[in-house]
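Visitor: Next up is a structure, given as structure tokens.
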Amino acid sequence: MAETASGISVGHWLRQHPQLVRIDLELSLCYVLDCSRAHLLGHADSILSIGQLKQLQDWTDQLHAGIPFAYLCGKQEFWGLELAVDASVLIPRPDTETVVEQALACLPNQSQVAANGVRPRLLDLGTGSGAIALALATERKDVEIHACDISAPSLALARANSEALQLPVHFHHSDWFDSIDGRFDIVVANPPYIDPADPHLAALHAEPSHALIAQERGLADLRKICCDAARHLHLHGWLVLEHGYDQGAAVRALLAANGFSAPQTRRDLGGNERVSWGQKGAHDAQLTHG
Ligand SMILES: C[S@@+](CC[C@H](N)C(=O)[O-])C[C@H]1O[C@@H](n2cnc3c(N)ncnc32)[C@H](O)[C@@H]1O
């Protein structure tokens, strides 16, 4: 039986919510109408049913309350992959693709790996939805990828994403390196790095604080990872870290202070310093190789 028409068109509904982000409204409509954005924009005069209008009203109430669209629809795209997300994980950001790009640049290429006959080992610390680990797994089947998180619900979601995408990753429930064995060729992390006093936190209230906030003006987890990483890296292994737009100099200093040679920083698409990295050097190797 046909659903009762509400008399409200797609275009009219869009104009009723000028305070909300337009793309969130369009994606809400696409989800409820089960259509593409191109189709939606070409059919602005389509009439919504009463049922569709009710669901849209529920979502706009939540958007007004600051719930991100990704939590409403339960998914987010990252590196071309569709990842399931829920309120236990940070919604993966486009800026974090800079970590993936830098990790790919640090890894030996496929012919070097084939010639060497040994799969490089990579660890993603604080994997959340699995975004970084899964993006790397889709690019490099010849790399053994491990990922950890301190949050059991995050880890369950990351595992589910790994299974749904059929991208194998070894998952570990671990407080940073505490339950991680063996050494790696590359360690990547997007740890919490927001200062508890940062006024931007208010806008992120729907996302888990364990994914966002770090003490010491946002540097506590970055410092801990920099201090411990060398013991878990092979000689000449890489540590690649995402950080806040104003933390580049501090993270380069942390890398240098912990024996990583020539720390460098890469900017994100917005032009902000976003990812810093360094290579475990020979000096550090004398200190940490047993
Ligand atoms: C900024 S989120 C990054 C999530 C994901 N890697 C991404 O880029 O979208 C930080 C992640 O670190 C995890 N985390 C926080 N403290 C941790 C700890 N002590 N040990 C392991 N993971 C931790 C959080 O649960 C969260 O998933």
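The values are calculated or read from the model by the stated rules, or taken from the named source; none is laboratory data. Just so it is clear, the structure is predicted and the values come from calculations on it, not from any experiment. Note that each Cβ is placed from the backbone with ideal geometry, even for glycine, and that neighbours are counted across all protein chains shown. Side chains are part of the model used for accessible areas, which takes the heavy atoms of the whole protein and leaves out ligands, DNA and RNA. Shrake-Rupley method; radii C 1.70, N 1.55, O 1.52, S 1.80 Å.
Visitor: Loop only by DSSP, 16 or fewer other Cβ within 10 Å of the Cβ. Give me the chymotrypsin sites (Phe, Trp or Tyr not before Pro) in region 176-209 that pass, ordered by residue number. Don't skip to the answer; put the middle values down first.
Guide: Working: sites: TRP176, PHE177, PHE184, TYR193; in loops: TRP176, PHE177, TYR193.
For chymotrypsin sites (Phe, Trp or Tyr not before Pro) across region 176-209 that sit outside H, G, I, E and B with at most 16 neighbouring Cβ atoms in 10 Å, the list is empty.
Visitor: Out of residues 5 or more away from HIS172 or on other chains, whose amide H comes under 5 Å of its own, with H placed 1.01 Å from N in the peptide plane?
Guide: ALA147, CYS148, ASP149
Visitor: I would also like to ask the following. Any aspartates and glutamates with Cα under 12 Å of the LYS75 Cα? List them, leaving off those in the same chain fewer than 8 positions away.
Guide: Answer for LYS75, where 12 Å is the Cα cut-off: ASP86, listed by chain and number.
Visitor: Sketch the reach of a paramagnetic label on ASP142 as a point 7 Å from Cα along Cα-to-Cβ, and name the residues of region 87-125 whose backbone nitrogen lies under 19 Å away.
Guide: Of the residues in region 87-125, 101-123 have backbone N under 19 Å from the label point off ASP142.
Visitor: Oh, and also: For a protection proxy built on the mean count of beta-carbon atoms within 10 angstrom, sort 221-227, 103-109, 195-201 highest first, please. Numbers along the way, then the final one.
Guide: Working: 221-227: 20.4, 103-109: 16.6, 195-201: 12.4.
Descending packing order for the listed peptides: 221-227, 103-109, 195-201.
Visitor: Shifting gears a bit: Got a number for carbon plus sulfur as a percent of the chain's accessible area, 1.4 Å probe?
Guide: Values: 7290 of 13890 Å².
Taking all protein chains in place, the chain shows 53 percent carbon and sulfur surface.
Visitor: Taking the DSSP beta bridges in the chain as the whole, what percent of them are antiparallel, to the nearest 5? Intermediate values should be presented prior to the final figure.
Guide: On the way: 17 of 36 bridges.
Roughly 45 percent of the DSSP beta bridges within the chain come out antiparallel.
Visitor: Another question, then. Taking amide H positions as placed 1.01 Å from N in the peptide plane, with prolines and chain starts having none, which residues 5 or more places from ILE213, or on another chain, fall under 5 Å of its amide H?
Guide: Distant-sequence amide H within range of ILE213: ILE194.
Visitor: Applying 1/(1 + (r/R0)^6) with R0 = 25 Å to the Cβ-Cβ distance of LYS54 and VAL21, what FRET efficiency is obtained, to the nearest 0.05?
Guide: Values: r = 21 Å, r/R0 = 0.85.
Efficiency, from the Cβ-Cβ distance: 0.75.
Visitor: Turning to a different aspect of this structure: Treat every Asp and Glu Cβ in region 87-288 as -1 and every Lys and Arg Cβ as +1, leave all other atoms uncharged, and give the resulting dipole magnitude about the Cα centre to the nearest 20 debye.
Guide: On the way: 16 positive and 24 negative charges, 91 e Å.
Around 440 debye, computed over region 87-288.
Visitor: Per residue, how large is the accessible surface of region 5-65? Use a 1.4 angstrom probe and give square angstrom. Spell out each step's value before the answer.
Guide: Working: 3440 Å² over 61 residues.
Accessible surface, normalised per residue, equals 56 Å².
Visitor: How much accessible area per residue does region 87-288 have, counting only protein heavy atoms and a probe of 1.4 Å, in square angstrom? Don't skip to the end; give the middle numbers.
Guide: Numbers: 8830 Å² over 202 residues.
With the other protein chains kept in place, region 87-288 gives 44 Å² per residue.
Visitor: Can you compute 3J(HN,Hα) from phi for each residue in region 32-49, using the Karplus curve 6.51 cos²θ - 1.76 cosθ + 1.60 with θ = phi - 60°, rounded to whole Hz and x for Gly and Pro?
Guide: So the J values, rounded to whole Hz, are 5, 8, 6, 9, 7, 5, 4, 5, 4, 5, x, 10, 5, 8, 4, 8, 7, 7.
Visitor: Under 5 Å between amide hydrogens, which residues at least 5 positions from SER129 or on another chain qualify, with H placed 1.01 Å from N in the peptide plane?
Guide: LEU90
Visitor: Specify which residue in the list HIS234, CYS106, ASN116 is farthest towards the positive end of the charge dipole of region 87-288, using unit charges on the beta carbon of Lys, Arg (+1) and Asp, Glu (-1), about the Cα centre.
Guide: ASN116
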